[in-house]
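Report on the following structure.
Each value in this text was obtained by applying a stated rule to the coordinates, not by laboratory testing. For clarity, every value in this text was computed on a predicted model and none was experimentally measured. Positions of Cβ are generated from backbone atoms using ideal geometry, with glycine treated the same way; all protein chains shown enter the neighbour counts.
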Amino acid sequence: MSLTLKKLIDRYRDDPDSSFPNLHYQVRAKHGRLLARICREHGQYPLRNVRTGTLVVWYKTWLADGKVAMAHPLVSRLRVLFRFGATMLEDRDCARLHDAVSDIRLQTSRSHTLQMTAEQANAIRAVAKENGRFSIAFAQALQFELLMSQKDVIGEWVPSSEPGESRTTGEKTGKWLRGAALGVHRRKPDFTPHHRQEPETYRSRSENRSDGP
C-alpha cells in the first residue's frame, strides 16, 4: 500500500532515527509549522500519484505573490521528507520523488544576508566593556571569530520537557539551554580577539545545520 504524504510526515516526525527529533527546539518548531502546512494542503495525496508536474504546481502555488522566502523552505522540507523515506523506509516512490524535487529550478530572490566587519565587531565589544557588560563582549567575540550562531553562543529558552539540564528555569518560560558564553560575566578576561590578516566579515548562518534523513 502506497504511503500518503501525511503518513510520511508522521513517520518522519516520530522516527527517532530521523533528523527531526534532534533539531534544536526553535528550529524544530519552525520546521513543524512548515510540515503542518504541507500536510494540511497536500497530505491526502498517495505518493504514487505525485509526479514531477504535481510538485511544480505546488511550488508555483507557494510562490504566489512573490513569496519566494516561503516557497523555498517548503520545497526544502519536501526534499528532506523524500530523502528520509528513500533511505530510512526504503520506499521507491520517495526515491523517485526525491530525484524529482531536486530537479525543480527554484526562483532566486535578492539576498538579505547581513554581514559584519571586524571593525563593527570590535566596536560592539568596546561599548559592552565600557558599560561593564563583559559577557556581551565575550559573546560577540565568540560569535564573530568562531562563526557561531547567536543561539549557540548565548543559548535559548525551551520548554521544560526538552532534554537537557539547566540551572535557569521558570514556571512560564521553561528552561535556558546551551550557550557557550554563559557565566563569563563573573570574570574580566582580555576579550581582544585574534583577527586573521585579511579583512573579515561575519555572515549570518542558518539556525539549522542538520538536514539529514
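Observations on the structure shown:
- With Cα atoms defining each centre, the stretch 23-59 and the stretch 122-139 are spaced 43 Å apart in the structure.
- Partner lysines for residue 67 [C-alpha distance under 29 Å; skip if fewer than 8 residues away on the same chain]: 6, 7, 30, 151
- On full extension, the segment bounded by residue 169 and residue 33 gains 46.4 nm, given 0.36 nm per residue less the C-alpha separation.
- Förster radius 25 Å - calculated FRET efficiency between residue 161 and residue 22 (Cβ-Cβ, nearest 0.05): 0.95
- Ranked packing of 79-90, 28-39, most packed first, by mean Cβ within 10 Å: 79-90, 28-39
- Between amide H atoms placed 1.01 Å from N, distances below 5 Å from residue 4 occur with 47, all of them 5 or more places distant or on a separate chain.
- Sites residue 149 and residue 120 - FRET efficiency at Förster radius 22 Å, r taken between beta-carbons, to 0.05: 0.80
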